[in-house]
1. If I ask for residues that are free of Cβ contacts under 8 Å to residues at least 60 places away in the same chain and among the aliphatic types (A, V, I, L, M), which ones from the range 163-178 would you list?
2. What pairs can you find where one residue is in the range 301-326 and free of Cβ contacts under 8 Å to residues at least 60 places away in the same chain, the other is among the hydroxyl-bearing types (Ser, Thr, Tyr) and surrounded by 15 or more Cβ atoms within 10 Å (Cβ to Cβ), and their Cβ atoms are less than 7 Å apart, with a gap of 6+ or different chains?
3. Mind listing just one residue for me: the one in the range 273-317 that is within 28 Å of the chain's Cα centre (by Cα) and outside any helix (DSSP H, G or I) and, of those, modelled with the lowest pLDDT?
4. Of the residues 80, 97, 36, 32, which is farther than 29 Å from residue 180 by Cα and at pLDDT 90 or above?
5. Given the conditions (1) under 24 Å from residue 278 (Cα atoms); (2) touching a strand residue (DSSP E or B) at 6+ places or on another chain (Cβ under 8 Å); (3) among the aliphatic types (A, V, I, L, M), and given that residue 219 satisfies all but one, which numbered condition is not satisfied?
6. Can you tell me which of (1) without any contact (Cβ under 8 Å) to a residue 40 or more places away in the chain; (2) closer than 29 Å to residue 19 by Cα; (3) surrounded by 12 or more Cβ atoms within 10 Å (Cβ to Cβ) is the one residue 155 doesn't meet?
7. Restricting to the range 180-208, what's the tally of residues that are in contact (Cβ under 8 Å) with a residue 12 or more places away in the chain and either in a helix (DSSP H, G or I) or aliphatic (A, V, I, L, M) (or both)?
8. Inside the range 103-113, can you point out the residues that are modelled with pLDDT of 90 or more and open to solvent by 10 Å² or more (accessible area, probe 1.4 Å)?
Amino acid sequence: MRLYPEQLPQHLQAGLSSCYFIYGDEPLLKLEALDELRRAARARGFDERHRFDTDEGLDWDAIFDASQTLSLFSARQIIELHLPEKLDKTGSERLRELLRQCHPDLLLLVAGPRLNQQQQKAAWFKALADAGPLVPVSAPDARHFPRWLEQRLHRHGLKAEPDALHWLAYAFEGNLLAVAGEIEKLNLLDLAQPLTLPVLQQNVQPHHHFNPFQLFDPLLQGKVKRACRILLQLRQEGVEAGMLCHLLARELSNLQQLQLGLQNGQSFHQAAAALHIWSSRQPLMQAVLGRLSASKLCSLQAMLAAADRAVAAFDDDEAWRWLYSLCVGFLDDQPLAISP
(Lines give C-alpha, C1' and ligand atoms only; values in the text may rest on other atoms or scores of the structure.)
Protein backbone atom coordinates (compact mmCIF):
# COMPACT_ATOMS: atom_id res chain seq x y z
CA MET A 1 0.00 0.00 0.00
CA ARG A 2 1.25 3.46 -0.90
CA LEU A 3 0.49 6.35 1.45
CA TYR A 4 1.33 10.02 1.01
CA PRO A 5 2.34 12.12 4.03
CA GLU A 6 -1.02 13.93 4.16
CA GLN A 7 -2.79 10.56 4.37
CA LEU A 8 -0.90 9.36 7.44
CA PRO A 9 -3.17 10.89 10.12
CA GLN A 10 -6.26 9.15 8.76
CA HIS A 11 -4.35 5.89 8.29
CA LEU A 12 -3.04 5.94 11.86
CA GLN A 13 -6.54 6.37 13.29
CA ALA A 14 -7.27 2.85 12.06
CA GLY A 15 -4.15 1.34 13.61
CA LEU A 16 -0.40 0.95 13.26
CA SER A 17 1.31 -1.38 10.81
CA SER A 18 4.44 -3.25 11.85
CA CYS A 19 6.63 -1.64 9.16
CA TYR A 20 6.78 1.63 7.22
CA PHE A 21 9.19 2.70 4.48
CA ILE A 22 9.54 6.48 4.12
CA TYR A 23 11.66 7.42 1.14
CA GLY A 24 12.38 10.46 -1.01
CA ASP A 25 14.45 13.62 -1.24
CA GLU A 26 12.29 16.13 0.67
CA PRO A 27 13.83 16.51 4.17
CA LEU A 28 10.94 18.37 5.84
CA LEU A 29 8.22 15.96 4.72
CA LYS A 30 10.38 12.96 5.60
CA LEU A 31 11.13 14.32 9.07
CA GLU A 32 7.47 15.14 9.73
CA ALA A 33 6.28 11.72 8.52
CA LEU A 34 8.77 10.00 10.83
CA ASP A 35 7.76 12.24 13.74
CA GLU A 36 4.09 11.44 13.18
CA LEU A 37 4.79 7.71 13.15
CA ARG A 38 6.92 7.98 16.30
CA ARG A 39 4.15 9.87 18.14
CA ALA A 40 1.56 7.31 17.10
CA ALA A 41 3.86 4.51 18.24
CA ARG A 42 4.53 6.13 21.64
CA ALA A 43 0.78 6.50 22.18
CA ARG A 44 0.51 2.72 21.68
CA GLY A 45 3.24 1.83 24.16
CA PHE A 46 6.35 1.76 21.95
CA ASP A 47 8.52 3.47 24.55
CA GLU A 48 11.95 2.33 23.39
CA ARG A 49 13.60 3.39 20.12
CA HIS A 50 16.84 2.23 18.52
CA ARG A 51 18.14 4.27 15.58
CA PHE A 52 20.73 2.98 13.10
CA ASP A 53 22.23 5.37 10.55
CA THR A 54 24.09 4.64 7.36
CA ASP A 55 26.42 7.56 8.23
CA GLU A 56 27.89 5.39 10.95
CA GLY A 57 27.71 2.21 8.86
CA LEU A 58 24.80 -0.17 9.36
CA ASP A 59 25.86 -2.78 11.91
CA TRP A 60 23.40 -5.53 11.08
CA ASP A 61 24.42 -7.69 14.04
CA ALA A 62 23.62 -4.78 16.38
CA ILE A 63 20.31 -4.23 14.58
CA PHE A 64 19.29 -7.86 15.05
CA ASP A 65 20.44 -7.83 18.69
CA ALA A 66 18.26 -4.76 19.33
CA SER A 67 15.25 -6.32 17.62
CA GLN A 68 15.48 -9.49 19.69
CA THR A 69 16.26 -7.97 23.08
CA LEU A 70 13.39 -7.28 25.45
CA SER A 71 13.84 -4.22 27.65
CA LEU A 72 13.09 -4.23 31.38
CA PHE A 73 11.21 -0.97 30.90
CA SER A 74 9.30 -1.53 27.65
CA ALA A 75 7.83 -4.58 25.99
CA ARG A 76 7.39 -2.72 22.69
CA GLN A 77 10.14 -1.07 20.70
CA ILE A 78 10.92 0.81 17.51
CA ILE A 79 13.82 -0.07 15.24
CA GLU A 80 14.59 2.88 12.96
CA LEU A 81 16.88 2.31 9.97
CA HIS A 82 18.23 5.03 7.68
CA LEU A 83 19.35 3.35 4.46
CA PRO A 84 22.24 4.45 2.23
CA GLU A 85 21.88 5.74 -1.34
CA LYS A 86 22.53 2.22 -2.60
CA LEU A 87 21.91 -0.97 -0.68
CA ASP A 88 24.47 -3.69 -1.38
CA LYS A 89 23.73 -7.40 -1.65
CA THR A 90 24.50 -8.08 2.02
CA GLY A 91 22.30 -5.19 3.14
CA SER A 92 19.47 -6.40 0.91
CA GLU A 93 19.63 -9.91 2.35
CA ARG A 94 19.84 -8.76 5.97
CA LEU A 95 16.99 -6.30 5.54
CA ARG A 96 14.73 -8.99 4.10
CA GLU A 97 15.70 -11.27 6.98
CA LEU A 98 14.79 -8.53 9.46
CA LEU A 99 11.42 -7.97 7.78
CA ARG A 100 10.55 -11.62 8.29
CA GLN A 101 10.91 -11.07 12.05
CA CYS A 102 8.36 -8.24 12.31
CA HIS A 103 5.71 -8.77 15.00
CA PRO A 104 3.11 -6.60 16.80
CA ASP A 105 5.55 -5.53 19.53
CA LEU A 106 8.25 -4.43 17.08
CA LEU A 107 7.77 -1.42 14.82
CA LEU A 108 10.24 -1.08 11.96
CA LEU A 109 10.64 2.43 10.53
CA VAL A 110 12.85 2.45 7.45
CA ALA A 111 13.91 5.74 5.86
CA GLY A 112 15.56 5.91 2.47
CA PRO A 113 16.60 8.28 -0.30
CA ARG A 114 14.83 8.98 -3.57
CA LEU A 115 14.76 5.76 -5.58
CA ASN A 116 14.97 5.22 -9.32
CA GLN A 117 12.89 2.68 -11.21
CA GLN A 118 15.62 0.05 -11.05
CA GLN A 119 15.84 0.30 -7.26
CA GLN A 120 12.06 -0.02 -6.99
CA LYS A 121 12.31 -3.36 -8.78
CA ALA A 122 14.85 -4.71 -6.28
CA ALA A 123 13.96 -7.63 -4.02
CA TRP A 124 14.47 -5.56 -0.86
CA PHE A 125 12.05 -2.87 -2.05
CA LYS A 126 9.40 -5.47 -2.90
CA ALA A 127 9.91 -7.02 0.54
CA LEU A 128 9.33 -3.62 2.18
CA ALA A 129 6.20 -3.12 0.07
CA ASP A 130 4.89 -6.50 1.27
CA ALA A 131 5.73 -5.73 4.91
CA GLY A 132 3.84 -2.46 5.24
CA PRO A 133 2.90 0.91 3.75
CA LEU A 134 5.27 2.80 1.45
CA VAL A 135 5.40 6.54 2.14
CA PRO A 136 7.07 8.45 -0.74
CA VAL A 137 8.00 12.04 0.09
CA SER A 138 8.81 14.63 -2.54
CA ALA A 139 8.40 18.38 -2.79
CA PRO A 140 5.12 19.50 -4.37
CA ASP A 141 5.66 20.72 -7.92
CA ALA A 142 5.11 24.32 -8.94
CA ARG A 143 1.43 23.73 -9.77
CA HIS A 144 0.60 22.27 -6.35
CA PHE A 145 2.97 24.32 -4.19
CA PRO A 146 0.49 27.22 -3.58
CA ARG A 147 -2.13 24.73 -2.36
CA TRP A 148 0.46 23.11 -0.07
CA LEU A 149 1.32 26.56 1.32
CA GLU A 150 -2.36 27.38 1.83
CA GLN A 151 -2.84 24.18 3.82
CA ARG A 152 0.32 24.87 5.83
CA LEU A 153 -0.86 28.38 6.68
CA HIS A 154 -4.28 27.05 7.65
CA ARG A 155 -2.64 24.55 10.02
CA HIS A 156 -1.22 27.55 11.92
CA GLY A 157 -4.45 29.53 11.82
CA LEU A 158 -3.24 31.83 9.03
CA LYS A 159 -4.67 32.92 5.68
CA ALA A 160 -3.11 34.82 2.78
CA GLU A 161 -4.59 36.85 -0.04
CA PRO A 162 -4.14 35.28 -3.51
CA ASP A 163 -1.32 37.61 -4.61
CA ALA A 164 0.43 37.14 -1.26
CA LEU A 165 0.17 33.36 -1.60
CA HIS A 166 1.55 33.55 -5.14
CA TRP A 167 4.51 35.63 -3.95
CA LEU A 168 5.20 33.20 -1.10
CA ALA A 169 5.23 30.28 -3.55
CA TYR A 170 7.62 32.16 -5.83
CA ALA A 171 9.88 33.19 -2.94
CA PHE A 172 10.28 29.70 -1.44
CA GLU A 173 9.86 27.24 -4.28
CA GLY A 174 11.97 24.16 -3.63
CA ASN A 175 12.72 25.04 0.00
CA LEU A 176 10.03 23.62 2.25
CA LEU A 177 12.22 23.73 5.36
CA ALA A 178 12.71 27.47 5.02
CA VAL A 179 9.08 28.29 4.31
CA ALA A 180 7.90 26.11 7.21
CA GLY A 181 10.13 28.13 9.53
CA GLU A 182 8.82 31.42 8.09
CA ILE A 183 5.21 30.32 8.57
CA GLU A 184 5.92 29.49 12.21
CA LYS A 185 7.48 32.94 12.61
CA LEU A 186 4.44 34.60 11.01
CA ASN A 187 2.22 32.73 13.45
CA LEU A 188 4.11 34.27 16.38
CA LEU A 189 3.84 37.81 15.01
CA ASP A 190 0.04 37.95 15.45
CA LEU A 191 -0.49 39.78 12.15
CA ALA A 192 -3.87 40.87 10.78
CA GLN A 193 -5.58 38.25 8.62
CA PRO A 194 -5.61 37.57 5.76
CA LEU A 195 -1.94 38.27 5.15
CA THR A 196 -1.36 40.79 2.38
CA LEU A 197 1.50 41.01 -0.09
CA PRO A 198 3.06 44.14 1.53
CA VAL A 199 2.92 42.48 4.95
CA LEU A 200 4.67 39.35 3.68
CA GLN A 201 7.32 41.33 1.82
CA GLN A 202 8.02 43.29 4.98
CA ASN A 203 8.26 40.27 7.29
CA VAL A 204 9.58 37.42 5.14
CA GLN A 205 13.01 36.95 3.57
CA PRO A 206 12.74 35.01 0.26
CA HIS A 207 14.78 31.84 0.08
CA HIS A 208 14.44 29.78 -3.13
CA HIS A 209 16.16 26.46 -3.41
CA PHE A 210 16.38 24.30 -6.51
CA ASN A 211 18.31 21.19 -7.38
CA PRO A 212 19.77 20.56 -10.86
CA PHE A 213 17.19 17.86 -11.63
CA GLN A 214 14.42 20.48 -11.53
CA LEU A 215 15.77 22.34 -14.56
CA PHE A 216 14.83 20.05 -17.44
CA ASP A 217 11.09 19.48 -16.94
CA PRO A 218 10.18 23.18 -17.39
CA LEU A 219 12.20 23.13 -20.62
CA LEU A 220 10.21 20.14 -21.84
CA GLN A 221 7.00 21.95 -20.92
CA GLY A 222 8.05 25.04 -22.86
CA LYS A 223 8.15 27.08 -19.63
CA VAL A 224 11.38 28.77 -20.62
CA LYS A 225 11.01 31.79 -18.33
CA ARG A 226 10.72 29.48 -15.33
CA ALA A 227 13.64 27.35 -16.51
CA CYS A 228 15.83 30.46 -16.87
CA ARG A 229 14.88 31.55 -13.35
CA ILE A 230 15.86 28.11 -12.02
CA LEU A 231 19.14 28.25 -13.97
CA LEU A 232 20.11 31.65 -12.53
CA GLN A 233 19.17 30.52 -9.02
CA LEU A 234 21.27 27.36 -9.40
CA ARG A 235 24.24 29.54 -10.31
CA GLN A 236 23.67 31.72 -7.24
CA GLU A 237 23.53 28.60 -5.08
CA GLY A 238 26.95 27.50 -6.32
CA VAL A 239 25.96 24.63 -8.62
CA GLU A 240 28.75 23.97 -11.12
CA ALA A 241 28.08 24.55 -14.82
CA GLY A 242 29.85 21.25 -15.57
CA MET A 243 27.28 19.31 -13.53
CA LEU A 244 24.44 20.89 -15.51
CA CYS A 245 26.22 20.12 -18.77
CA HIS A 246 26.41 16.48 -17.75
CA LEU A 247 22.72 16.27 -16.81
CA LEU A 248 21.52 18.15 -19.88
CA ALA A 249 23.69 16.00 -22.15
CA ARG A 250 21.92 12.88 -20.91
CA GLU A 251 18.47 14.40 -21.37
CA LEU A 252 19.18 15.78 -24.84
CA SER A 253 20.68 12.44 -25.85
CA ASN A 254 17.48 10.70 -24.73
CA LEU A 255 15.40 13.08 -26.84
CA GLN A 256 17.55 12.44 -29.90
CA GLN A 257 17.46 8.67 -29.34
CA LEU A 258 13.67 8.81 -29.02
CA GLN A 259 13.43 10.81 -32.23
CA LEU A 260 15.67 8.33 -34.01
CA GLY A 261 13.54 5.43 -32.77
CA LEU A 262 10.39 7.09 -34.07
CA GLN A 263 12.05 7.66 -37.45
CA ASN A 264 12.96 3.95 -37.55
CA GLY A 265 9.34 2.91 -37.05
CA GLN A 266 9.29 2.28 -33.30
CA SER A 267 6.34 3.44 -31.24
CA PHE A 268 7.12 6.13 -28.70
CA HIS A 269 6.49 3.76 -25.77
CA GLN A 270 8.83 1.14 -27.25
CA ALA A 271 11.58 3.71 -27.69
CA ALA A 272 11.02 5.15 -24.19
CA ALA A 273 11.07 1.70 -22.59
CA ALA A 274 14.38 0.89 -24.30
CA LEU A 275 15.87 4.03 -22.73
CA HIS A 276 14.39 3.25 -19.28
CA ILE A 277 12.55 6.59 -19.16
CA TRP A 278 10.17 6.86 -16.22
CA SER A 279 6.52 6.55 -17.24
CA SER A 280 5.69 9.79 -15.39
CA ARG A 281 8.08 11.73 -17.65
CA GLN A 282 7.15 10.10 -20.94
CA PRO A 283 4.24 12.49 -21.76
CA LEU A 284 6.59 15.48 -21.34
CA MET A 285 9.18 14.02 -23.66
CA GLN A 286 6.59 12.95 -26.21
CA ALA A 287 5.17 16.49 -26.24
CA VAL A 288 8.53 18.16 -26.78
CA LEU A 289 9.31 15.87 -29.72
CA GLY A 290 6.18 17.18 -31.38
CA ARG A 291 7.35 20.74 -30.78
CA LEU A 292 11.07 20.63 -31.63
CA SER A 293 12.49 19.39 -34.92
CA ALA A 294 15.53 17.14 -35.33
CA SER A 295 17.57 20.12 -36.59
CA LYS A 296 16.59 22.16 -33.52
CA LEU A 297 17.70 19.36 -31.20
CA CYS A 298 21.03 19.19 -33.06
CA SER A 299 21.45 22.94 -32.59
CA LEU A 300 20.73 22.62 -28.87
CA GLN A 301 23.25 19.79 -28.65
CA ALA A 302 25.85 22.03 -30.33
CA MET A 303 25.16 24.80 -27.82
CA LEU A 304 25.62 22.34 -24.99
CA ALA A 305 28.92 21.22 -26.51
CA ALA A 306 30.02 24.89 -26.56
CA ALA A 307 29.12 25.19 -22.87
CA ASP A 308 31.08 22.02 -22.16
CA ARG A 309 34.14 23.39 -23.97
CA ALA A 310 33.92 26.57 -21.91
CA VAL A 311 33.84 24.47 -18.73
CA ALA A 312 36.95 22.59 -19.90
CA ALA A 313 38.66 25.93 -20.56
CA PHE A 314 37.69 27.17 -17.05
CA ASP A 315 35.64 29.99 -18.58
CA ASP A 316 32.73 29.87 -16.17
CA ASP A 317 30.97 32.99 -17.43
CA GLU A 318 31.02 31.72 -21.01
CA ALA A 319 29.66 28.33 -19.92
CA TRP A 320 26.73 29.92 -18.10
CA ARG A 321 25.98 32.17 -21.10
CA TRP A 322 25.71 29.10 -23.33
CA LEU A 323 23.52 27.31 -20.79
CA TYR A 324 21.21 30.31 -20.61
CA SER A 325 21.06 30.48 -24.42
CA LEU A 326 20.31 26.77 -24.56
CA CYS A 327 17.35 27.24 -22.21
CA VAL A 328 16.00 30.06 -24.36
CA GLY A 329 16.43 27.78 -27.38
CA PHE A 330 13.64 25.52 -26.05
CA LEU A 331 11.13 28.34 -26.45
CA ASP A 332 9.78 27.27 -29.83
CA ASP A 333 10.86 25.78 -33.14
CA GLN A 334 12.14 29.02 -34.61
CA PRO A 335 15.78 29.05 -35.76
CA LEU A 336 18.26 29.93 -33.03
CA ALA A 337 19.48 33.50 -33.06
CA ILE A 338 22.98 32.40 -32.04
CA SER A 339 24.98 29.29 -32.70
CA PRO A 340 28.39 27.98 -31.66
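The values are calculated or read from the model by the stated rules, or taken from the named source; none is laboratory data. Computed from a predicted model, the values in this text were never measured in an experiment. Note: ideal-geometry Cβ built from the backbone for every residue, glycine included; neighbour counts use all protein chains shown. Only protein heavy atoms, including side chains, enter the accessible area calculation; ligands, DNA and RNA are left aside. Shrake-Rupley method; radii C 1.70, N 1.55, O 1.52, S 1.80 Å.
1. Taking the range 163-178 first, the residues free of Cβ contacts under 8 Å to residues at least 60 places away in the same chain are 163-175, 178.
Correct list: 164, 165, 168, 169, 171, 178.
2. 303/325
3. Filtering the range 273-317 for residues that are within 28 Å of the chain's Cα centre (by Cα) and outside any helix (DSSP H, G or I), the one modelled with the lowest pLDDT comes out as 280.
4. Working: 80 fails: farther than 29 Å from residue 180 by Cα; 36 fails: farther than 29 Å from residue 180 by Cα; 32 fails: farther than 29 Å from residue 180 by Cα.
Checking each option against the conditions leaves just 97.
5. (2)
6. Result: residue 155 passes all but (3).
7. Filtering the range 180-208 for residues in contact (Cβ under 8 Å) with a residue 12 or more places away in the chain gives 180, 182-187, 189, 191, 193-197, 199-201, 203-208.
Applying the additional criterion that residues be either in a helix (DSSP H, G or I) or aliphatic (A, V, I, L, M) (or both) yields 180, 182-187, 189, 191, 195, 197, 199-201, 203-204.
Result for the range 180-208: 16.
8. 113
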